[in-house]
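The values are calculated or read from the model by the stated rules, or taken from the named source; none is laboratory data. Values in this document were obtained by computation on a predicted structure and should not be read as measured data. Here the Cβ positions follow ideal geometry from the backbone for every residue, glycine too, while neighbour counts run over all protein chains shown. SASA here: full protein model, heavy atoms, side chains in, ligands and nucleic acids out. Shrake-Rupley method; radii C 1.70, N 1.55, O 1.52, S 1.80 Å.
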Amino acid sequence: MQTEVTSKSGGKRLKGISAERGTDRPLVTVITAVYNGQPHVVGCLESVLSQDYPNIEHIVMDGGSSDGTIDVLRQYEDRIALWRSEPDKGIYDAWNKALLEARGEWICFLGADDQFLPGAVSAYMALAACNPLAEFLSSRVKVIHSTGYERILGCPWTWRKFSRGMCTPHVGSMHRRSLFHRLGTYDTSYRIVADYELLLRARHQLNAAYMPAITVRMRAGGVSTTRIALEEQARAKVATGGRSRVLVALEMYFEKSKTVLHPPVRKAFGKIMARRLNSERVSQINDS
């Protein structure tokens, strides 16, 4: 006998209350995918609600949690634009579903265990106003480990850096809606790095703007630095980014070896990589 799959949903939009579009303050859509995130999701929701920017819609896609996450979402029924709970095929499938519901001119993705810092969205929109042609905004994020160790990530986007690896954490970035119209949605064949692969599609033609402010507090964890993630990233670099297969293989080997190579060996290997990268850049210039 087959088990019936039920879809649960709620939020202001289902009650006929929609965020404003076409005002002098662009609508910002915040998308959160969650699965059994009850211990942390309240902090995520509150960090969005406490933003001083007045035109935000928060869309939460739950993958069918069984730990009390849905009860939390129901408690925020009158303050979340839209939430839905149903089985999905992973975070990028959930993001793609949310993109179909998003109405904002700007769209960003906030993890269920991550939190916006005060004034983050206002800072993004000020950056957008100063860079009217930008379609991708990025910032810095503070990564907090369970041990108490903290690390700051994020740097200005350049194709040279980005083609070698994700230098703009997705949680610390914002996408103009038109960017998805141009590039498409997330390729769910990538289980870990689909956010990186999507931006690789733009190649050097991504119009980006950066601010050095820290906008998000991010809980460390996940699988973005695992062997599987590195292999997925290598596939994306070659298939979408147009990189040399040999050079990408060397880069992946170097990343995998960081934790086992002694410093002198790692330094020597780094010099070899630098020479290879320089040769690649010269070749690209000559080809153009």
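Taking the range 220-241 as the range and being open to solvent by less than 50 Å² (accessible area, probe 1.4 Å) and within 25 Å of PHE180 (Cα to Cα) as the test, the residues that pass are ALA229, LEU230, GLU232, GLN233, ALA234, ALA236, LYS237, VAL238, THR240, GLY241. The residue that is least open to solvent (accessible area, probe 1.4 Å), among those in the range 185-195 that are assigned to a loop (DSSP other than H, G, I, E, B) and of a type in the set (A, V, I, L, M), is VAL193.
Could you please find all residues in the range 184-237 being of a type in the set (A, V, I, L, M) and closer than 13 Å to PHE162 by Cβ? VAL193, LEU198, LEU199, LEU200, ALA202, LEU206, ALA208, ALA236 - these are the residues of the range 184-237 that are of a type in the set (A, V, I, L, M) and closer than 13 Å to PHE162 by Cβ. Taking each residue of the range 48-66 that is surrounded by fewer than 24 Cβ atoms within 10 Å (Cβ to Cβ) and looking for partners that are among the hydroxyl-bearing types (Ser, Thr, Tyr) and in a loop (DSSP other than H, G, I, E, B) with beta-carbon atoms closer than 7 Å, six or more apart or interchain, yields ASN55/THR23; GLY63/TYR35; SER65/TYR35.
Exactly one residue out of LEU45, LEU82 is within 23 Å of SER146 (Cα to Cα) and either open to solvent by less than 20 Å² (accessible area, probe 1.4 Å) or in contact with a His (Cβ under 6 Å, 6 or more places away or on another chain) (or both), and it is LEU45.
Of all residues in the range 9-36, those satisfying the criterion of being crowded, with 18+ Cβ neighbours inside 10 Å and among the polar types (S, T, N, Q) are THR29, THR32.
Here is the figure for the range 224-273: residues that are basic (Lys, Arg) and either farther than 20 Å from TYR196 by Cα or at pLDDT below 90 (or both) total 6.
Note on the range 117-184: enclosed helices (runs of 4 or more DSSP H) holding 1 or more residues that are among the polar types (S, T, N, Q) and open to solvent by 20 Å² or more (accessible area, probe 1.4 Å) are 120-130, 177-183. Filtering the range 196-219 to residues that are open to solvent by less than 40 Å² (accessible area, probe 1.4 Å), in a helix (DSSP H, G or I) and either free of Cβ contacts under 8 Å to residues at least 12 places away in the same chain or under 20 Å from LEU127 (Cβ atoms) (or both) leaves only LEU199.
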